[in-house]
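The values are calculated or read from the model by the stated rules, or taken from the named source; none is laboratory data. All values derive from a computational prediction rather than experimental measurement. Ideal geometry is used to build each Cβ from the backbone, glycine not excepted, and the neighbour counts take in all protein chains shown.
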């Protein structure tokens, strides 16, 4: 693993069993634990990029897939809106 994980809330936490992040049914507790972690997004991305099971960044593999899909859909919509706005602005003589 990358050195970035040295900055994680869970790094060397003597009170957390590593199995905590790989146990079914612990999603709410893991999510709460990961809240406020300085590398939560990086951790989630690492889990996604490597197709890892367990909870990464506070989310299970299934939830991470849904979040990625939702983010891609939102990004696509925003890009479309921006493109339309740019076209509208270039066609509007007053905006020029």
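Does the range 27-52 hold any residues that are surrounded by fewer than 17 Cβ atoms within 10 Å (Cβ to Cβ) and closer than 18 Å to residue 16 by Cα, and which are they?
Scanning the range 27-52 gives 27, 28, 29, 31, 32, 35, 36, 38.
Scan the range 18-32 residue by residue and report those that are part of a helix (DSSP H, G or I), farther than 11 Å from residue 57 by Cβ, in contact (Cβ under 8 Å) with a residue 12 or more places away in the chain and in contact with a helix residue (DSSP H, G or I) (Cβ under 8 Å, 6 or more places away or on another chain).
Within the range 18-32, 20, 27 meet the criteria.
Using the structure shown, decide if residue 52 is assigned to a loop (DSSP other than H, G, I, E, B) and at pLDDT 90 or above.
In short, yes.
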